[in-house]
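Following: one structure in structure tokens, then a few remarks.
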Amino acid sequence: MTHFWASSGHLLLDREPGGGLLVTDDFLKAYLARPEVLPPEEACAAERALHARLMAEPQAEVADREIAAIADADARENWRFLLGWRERLLAAPTLQAAYVGIIRGGASGIPPVFLDQLVHVILRAGLDEEGDPFVVRAAECLFRPQRATLHENTILLADAEMIEGHETDRHASPLLAMLGGPAVTSLDILKQADADRYWQRSDAFDMVLDLGGKPSGRAALGRAIGHWIAQVHGFSVEIEAVENVRDANWRWFIGLDAQATAIGNALWKGEMLDDDKASRLIALYRLTLPPEVPVLPAAKGAPIYLMLAMDGDRIVRMKPQNLVTGLPLAVHEMAN
């Protein structure tokens, strides 16, 4: 097994025989160690005592009076959220099932970073046996926003946070300058000749994915999406990259982001795409469910299309939760 994405926290989890991820004390401690959870210097004694007790016993019961004793109102709110989040994770049989339950139950009010972290670690489990660094790099798109740029008739995706987080002279890196952010000391397009370098750099999120290169970045992203679906639904699907958006049968589609959902809605209504909307669409897939999976009557015999787009600032923000709620399943399949 190739080692990658140590930052996902997958080494802190246990696994059931079927592959489901089981929450451990060490995994919960990682939440308690987050910068936004660590008590600041000015924290009151009650908050410090609560944090210390949970670091020693992460699944300990916490009484309402312990939260009420915390002096800072924002801190009290943060702790109530964190404890509620902990209970959601512990109540489900697996972390995959917890994610599905959270999404189907409504994720309003949950900070995106918490959902992204779950996607990160669940995908890491799904990619255990994946030896293709292009697929693993493409999977980053499901939990980290990307900045897109058109270069030599292809679309390049670079990690948006990595681009924005560096303050060195952008002129030191023509590639990064083209991508619209400041330069960094190391930024490379993932290519076949040196693809194995990805594994050592996987937690840096600093390699650029060529969606149109060889091997195909679009195909790699399709495979990554397939791994995600297998984790959250428990079955395998076939996903094929499609070139032409205009001739598709739009009986059922899933927008993989907000922009793509708006484009798909327009196509479903029979509207013609203007040049601006058409230019924002960067990937289109045809998904085929296994024949034994029951589907809704409206989707019987119809292809399922997946669409990915960038916004006006060329940012791609995938919403993997749409693949939990958007598939036309006649019954809800719970993973693991």
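The values are calculated or read from the model by the stated rules, or taken from the named source; none is laboratory data. Treat the numbers as computed from the prediction; the structure is a model and nothing was measured. As a convention, Cβ positions derive from the backbone with ideal geometry for all residues, glycine included, and neighbour counts pool all protein chains shown. All accessible areas refer to the heavy atoms of the entire protein, side chains included, with ligands and DNA or RNA removed. Shrake-Rupley method; radii C 1.70, N 1.55, O 1.52, S 1.80 Å.
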Would you confirm whether or not the range 160-177 contains a residue that is under 18 Å from D128 (Cβ atoms) and at pLDDT 90 or above? no
Filter result for S202 (outside any strand (DSSP E or B), touching a residue at least 40 places away in the same chain (Cβ under 8 Å) and either within 30 Å of E271 (Cβ to Cβ) or over 16 Å from the mean Cα position of the chain (by Cα) (or both)): no
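In the range 178-188, which residue that is on the phi < 0 side of the Ramachandran plot and open to solvent by less than 40 Å² (accessible area, probe 1.4 Å) is modelled with the highest pLDDT?
The extreme case among them is L187.
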Pair list, Cβ < 6 Å and 6+ apart or interchain, from the range 288-299 residues that are more than 11 Å from F235 (Cβ to Cβ) and open to solvent by 50 Å² or more (accessible area, probe 1.4 Å) to residues that are of a type outside the set (K, R) and assigned to a strand (DSSP E or B): T288/E238
Positions within the range 55-86 being more than 28 Å from the chain's Cα centre (by Cα) and of a type in the set (A, V, I, L, M, F, W, C), in sequence order: A56, A60, V62, A63, I67, A68, A69, I70, A71, A73
Looking at the range 253-265, I want the residues that are over 14 Å from Y305 (Cβ atoms) and open to solvent by 40 Å² or more (accessible area, probe 1.4 Å) and have a partner that is at pLDDT below 95 and assigned to a helix (DSSP H, G or I) with Cβ atoms under 9 Å, at least 6 apart or on another chain. Which pairs are those? Q259/K277; Q259/R280; A262/K277
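Tell me, which strands (runs of 3 or more DSSP E) wholly within the range 221-336 include 2 or more residues that are under 19 Å from the mean Cα position of the chain (by Cα)?
Passing ranges, in order: 253-255, 281-288, 304-309.
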Could you tell me which numbered condition V242 fails, if it satisfies all but one of (1) among the hydrophobic types (A, V, I, L, M, F, W, C); (2) touching a helix residue (DSSP H, G or I) at 6+ places or on another chain (Cβ under 7 Å); (3) surrounded by 17 or more Cβ atoms within 10 Å (Cβ to Cβ)? (2)
By residue number, the members of the range 270-287 that are under 17 Å from I225 (Cα atoms) and either touching a Pro at 6+ places or on another chain (Cβ under 6 Å) or open to solvent by 60 Å² or more (accessible area, probe 1.4 Å) (or both) are R286
